[in-house]
Amino acid sequence: MPEIRRLPDDLVNRIAAGEVVERPASALKELVENAIDAGARTIFVRLASGGLDLIEVTDDGCGMSAAEISLALERHATSKLPDERIEMVATLGFRGEALPSIASVSRVTIESRTRASDEGWRRVVDHGGAVGDSPAALPPGTRIRVEDLFGRVPARRKFLRTARAEYAACLDVVRRLAMARPDVGFTLEHDGRRTIATQPDEALAARVARLVARELAEDGVVIDAERGAARLTGVAGLPTFNRGVADHQYLFVNGRPVKDRLLIGAVRGAYADMLARDRHAVLALFLEIPPEDVDVNVHPAKTEVRFRDPAFVRGFLVGALRHALEGQGQRSAQAPAAGAMAAWQVEPIRTAPPQSPSLESLFARQHAAPSAGVREAGAAWRSYEEAVMAPPSARAEPVEASDEPTPEYPLGVARGQVAGTYIVAEAQDGLVIVDQHAAHERLVLERLKASGAGDAMARSQTLLLTEVIELEEPDCDRLEEKAEELARFGLVLERFGPAAMLVRAVPSVLGKTDAGALVRDIADDLARHGDALLLGEKLDLVLATMACHGSVRAGRALSVAEMNALLREMERTPRSGQCNHGRPTWVKLAHHDIEKLFGRK
């Protein structure tokens, strides 16, 4: 057996660097966290080539003396643990490994000055070896330069990505830390170009909107909830304001940026019935919890945490998010796409040759005899002139004249239906267009949820003739396992042999529906997610599938009374601004938008 020996210090530092310094963004994170822990009010970050050539962090914190600089470059030396109670740590860093690890794989220059000193001190370390000490002139605070990262470790250097990719990772680090501390001003400069500039003492919602997406100021919900000793703050985007990737979800625990699977799962659960499965919410959430209830010492990079009571944390996040989103009523992200608005613009009319009868102008036609499409004055317009315009794709009911004022409804009063799919309503402040299928799908889902707490017989519609649905045996097993939960919402199933299910009743709120298609879709949902979701989240997906089957289909003609009934129920129903897949159920063209379309503004 080989002899056991102690590793040399330089090799120990390189091994530690492999855990702490994975890429330039990792080194930058440690340096900026040190600046925050030093009490800095402003932090300036300068990068070159995505941090591959240069990382420089300057702060106005407490600074260090010459002796403290030397001690800070030793492993496991830290000022952030006043005693041995690591579970009570309140700073971002505490291991004492960052600076020596970085200095072992790069050229590091540390310049620092305390507020009580008249001059600063500079120390240079080149890949683990001290090469210079001298006085330095700088204001109170600390400036650290990291150059030639992994320059003498080619095996690590070759695994780094391009400068652009490394810069993107560095940008994400600064963005997260800037959101975690809105009381600190951050500046990021890359290759001479300034990309982030924030001022100290900025409001949290304003800081998040500035760093994540400006649209969050209009399409976000401010979160502020408490339960026991825990508090949740932040900004959550409306379900209709979503992304195709989860990169815009920022989660913090006691001011520490984390990427925790429990918190990510809680966010997914909160938005479960409001987003399509391939869409992700945009948000920044800040959880404050007693230090003794969370363990931050479970990962070298401190990006993961462990909670003493994970069920409490998950339930708190899901409940707070859902309560805040439900409080927005029928609100949704209402910024129309630029392309859609451009489609409304009328193209210039080209003057046609007068001898072309097929392109003859409307004003050149003979009007001696009245057209068959012209009605008497005061009659409702119900026809069109084929020689002038194409047949209309909208329908409207006759409206009797009335001297009574129009009621002020948020979603307006129905005026017609376009393409059998969209309801057109007139509101006090503009024109509202509603997707009838998407809107009714949300309403049916909310009714199904509400029915779960009521009488089982009242929410079930017993079939006159039971229906047998043939399925694969594993699908039948999954449905049989969830039969009791499904019965709570009115869908009564029984096993009928090894490869079939018997449908005895369907939810009454669905009305007339295809029971076979409904059961097959539910079986697909259960098979797709398996044990990856909690029971409550699985039921949310099942209810969303039921709602889709029971909603008004696109292409169905509605009377004005039915349209108005749908609008009024939308106004009373929480989260009716988006369908179960995160798409908006209605959009509004304000009066000034309409005026722009006609060149009035």
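Observations on the structure shown:
- Residues of the stretch 406-442 classified as surrounded by fewer than 19 Cβ atoms within 10 Å (Cβ to Cβ) and among the small types (G, A, S), total: 4
- Matching residues in the stretch 44-69 - criterion: being in a loop (DSSP other than H, G, I, E, B) and not polar (S, T, N, Q): L52, D53, D60, G61, C62, G63, M64
- Conditions (1) more than 16 Å from K29 (Cα to Cα); (2) touching a strand residue (DSSP E or B) at 6+ places or on another chain (Cβ under 8 Å); (3) touching a residue at least 24 places away in the same chain (Cβ under 8 Å); number of the one not met by E218: (2)
Residue-by-condition table, conditions (1) within 25 Å of the chain's Cα centre (by Cα); (2) closer than 17 Å to R447 by Cβ; (3) assigned by TED's automatic domain parsing to the domain that holds V413:
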{"residue": "R556", "(1), (2), (3)": "no, no, yes"}
{"residue": "V560", "(1), (2), (3)": "no, no, yes"}
{"residue": "A565", "(1), (2), (3)": "no, yes, yes"}
{"residue": "M570", "(1), (2), (3)": "yes, yes, yes"}
{"residue": "T585", "(1), (2), (3)": "yes, yes, yes"}
{"residue": "K588", "(1), (2), (3)": "yes, no, yes"}
{"residue": "H592", "(1), (2), (3)": "no, no, yes"}
{"residue": "K596", "(1), (2), (3)": "no, no, yes"}
{"residue": "G599", "(1), (2), (3)": "no, no, yes"}
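- Of the residues making up the stretch 102-123, those that are more than 22 Å from K158 (Cβ to Cβ) and touching a strand residue (DSSP E or B) at 6+ places or on another chain (Cβ under 7 Å) are T109, I110, E111, S112, R113, E119, G120, W121, R122, R123.
- Counted residues, the stretch 124-160 - those being over 26 Å from M64 (Cα atoms) and of a type in the set (S, T, N, Q): 0
- A single entry from L262, L251, L188, L211 fulfils the requirement of being more than 16 Å from G319 (Cβ to Cβ) and in contact with a Pro (Cβ under 9 Å, 6 or more places away or on another chain): L251.
- Scanning the stretch 492-514 for residues that are at pLDDT 80 or above and either of a type in the set (S, T, N, Q) or farther than 10 Å from S460 by Cα (or both) yields L493, E494, R495, F496, G497, P498, A499, A500, M501, L502, V503.
- Filtered residues of the stretch 122-142 (kept if aliphatic (A, V, I, L, M) and assigned to a strand (DSSP E or B)): V124, V125, A130, V131, A136
- Top-ranked residue in the stretch 268-282 [being buried (at least 21 other Cβ atoms within 10 Å of the Cβ) and in contact (Cβ under 8 Å) with a residue 40 or more places away in the chain; ranked as nearest to A178 (Cα to Cα)]: V282
- The condition (being in contact with a strand residue (DSSP E or B) (Cβ under 9 Å, 6 or more places away or on another chain), under 29 Å from A439 (Cα atoms) and in contact (Cβ under 8 Å) with a residue 24 or more places away in the chain) is satisfied by just one residue among L285, L262, L251: L285.
- Failed item, numbered, when A17 is tested on (1) within 34 Å of the chain's Cα centre (by Cα); (2) modelled with pLDDT of 90 or more; (3) crowded, with 24+ Cβ neighbours inside 10 Å: (2)
- Test for R157: is it free of Cβ contacts under 8 Å to residues at least 24 places away in the same chain and of a type in the set (K, R): yes
- The stretch 92-114, subset outside any loop (DSSP other than H, G, I, E, B) and hydrophobic (A, V, I, L, M, F, W, C), residue modelled with the lowest pLDDT: A98
- For the residues D183, D133, D148, the requirement of being outside the structural domain of A272 (by TED's automatic domain parsing), acidic (D, E), closer than 22 Å to L31 by Cα and in contact with a helix residue (DSSP H, G or I) (Cβ under 8 Å, 6 or more places away or on another chain) singles out D133.
- Top-ranked residue of the stretch 559-588 - restricted to ones that are hydrophobic (A, V, I, L, M, F, W, C) and within 24 Å of A281 (Cα to Cα), ranked as surrounded by the fewest Cβ atoms within 10 Å (Cβ to Cβ): V587
The values are calculated or read from the model by the stated rules, or taken from the named source; none is laboratory data. Computed from a prediction, not measured in an experiment: that's the story for all the values here. Because the Cβ atoms are built from the backbone with ideal geometry, glycine has one as well, and the counts that use them run over all protein chains shown.
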